[in-house]
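Peer 1: Take a look at this one; I'll ask things after.
Rule-based calculations on the coordinates, nothing more; no lab input. Nothing here was measured: the structure is a model prediction, and the numbers come from that model. Don't worry about glycine lacking a Cβ; one is built from the backbone with ideal geometry, like all the others, and counts go over all protein chains shown.
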Amino acid sequence: MQIIGEKINGTRKRVAQAIADRDADFIKNLAAKQAEAGSTWLDVNAGTHPDREPDDLIWLIETIQPVVDIPLCLDSANPKALQIAIKAVEKTPMINSISGEPDRLENVLPLVAEHNCQVIALAMDDKKIPETGEQRIEIVRKVLAETRAAGVPDARVYCDPLAMTIATNPNSAVVAFQTMQAIKQEFPEVHLTVGLSNISFGLPARKYVNRTFLALAMQAGLDSAILDPLDRDMRAAILTAELVLGRDDYCLNFVRAARAGAFDEKV
């Protein structure tokens, strides 16, 4: 399971304050902790006004890179910010994101192809978010046709089937699972990812919802997620799901993690 660490996001109040104040120590500490917790990428989202975003994104990149040795996931809907930021990274980044929206395909996909990036592709277009799995897979087909035409291999595409909150639609998780299964059946080389916390937005006890959804999504083919890598119980849930799904040869990862104290066990 590949983890995209979610915490460096300017929509979070404390992170926004750190960006505004240029509090490098706070950002460095947050980056280092997520890397140490096993993140594959660190999502970097300035979340600021488009006029400020390029400068803020560059500052974040230059602050983070000296303290981690993993690639970044450049998270922006602003092509200009991405064009500038992609020149500042030391390792080939992931781009978050493209979709069926013509503007993103026209302005972001060429950057992905030129720099050999991995890319998150959302199962949505410039209309409303599709309600059914069938509608979402139709968009995924169109997006994959564009990525292939641009020379981007399927294996570098991470499709997001859209995990919308269950609070407003009790079938949201089921639709996401159906979309995942359809994507993997039709495009076996494509990866799957989600913004995990979206599924529980507006609900109490959100961590329980997130962990259960994640385990079931892994059964449906999910192999990465944007999540909080500092959530110890979430990491334990991932290890356990991989064990139960037969993805942990000889149970080695689970046993090593248990011996290292990864699980809360009461004898």
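Peer 1: I'd like to know if segment 124-135 contains one or more residues that are within 20 Å of THR40 (Cα to Cα), of a type in the set (A, V, I, L, M) and touching a Ser or Thr at 6+ places or on another chain (Cβ under 6 Å).
Peer 2: Start the filter on segment 124-135 by keeping residues that are within 20 Å of THR40 (Cα to Cα), which leaves none.
No, there is no match, as no residue in segment 124-135 is within 20 Å of THR40 (Cα to Cα), of a type in the set (A, V, I, L, M) and touching a Ser or Thr at 6+ places or on another chain (Cβ under 6 Å).
Peer 1: Also: Check segment 66-77 and report whether any residue there is surrounded by fewer than 19 Cβ atoms within 10 Å (Cβ to Cβ) and part of a helix (DSSP H, G or I).
Peer 2: Among the residues of segment 66-77, at least one is surrounded by fewer than 19 Cβ atoms within 10 Å (Cβ to Cβ) and part of a helix (DSSP H, G or I), which makes the answer yes.
Peer 1: Here's another thing I want to ask about it. Answer yes or no: is there a residue in segment 132-152 that is assigned to a strand (DSSP E or B), under 19 Å from the mean Cα position of the chain (by Cα) and crowded, with 23+ Cβ neighbours inside 10 Å. Quick ask: steps written out before the conclusion?
Peer 2: As a first pass, look at segment 132-152 and keep what is assigned to a strand (DSSP E or B): none.
For segment 132-152, residues assigned to a strand (DSSP E or B), under 19 Å from the mean Cα position of the chain (by Cα) and crowded, with 23+ Cβ neighbours inside 10 Å: absent.
Peer 1: If you go through segment 187-198 one residue at a time, do you hit one that is farther than 16 Å from ALA225 by Cβ and surrounded by fewer than 17 Cβ atoms within 10 Å (Cβ to Cβ)?
Peer 2: First, the residues of segment 187-198 that are farther than 16 Å from ALA225 by Cβ: 187-189.
If we keep only those that are surrounded by fewer than 17 Cβ atoms within 10 Å (Cβ to Cβ) too, we end up with 188-189.
Yes, some residue in segment 187-198 is farther than 16 Å from ALA225 by Cβ and surrounded by fewer than 17 Cβ atoms within 10 Å (Cβ to Cβ).
Peer 1: Please go through segment 114-131 and give me each residue that is over 19 Å from the mean Cα position of the chain (by Cα) and of a type in the set (Gly, Ala, Ser), ordered by number.
Peer 2: Result: no residue meets the conditions.
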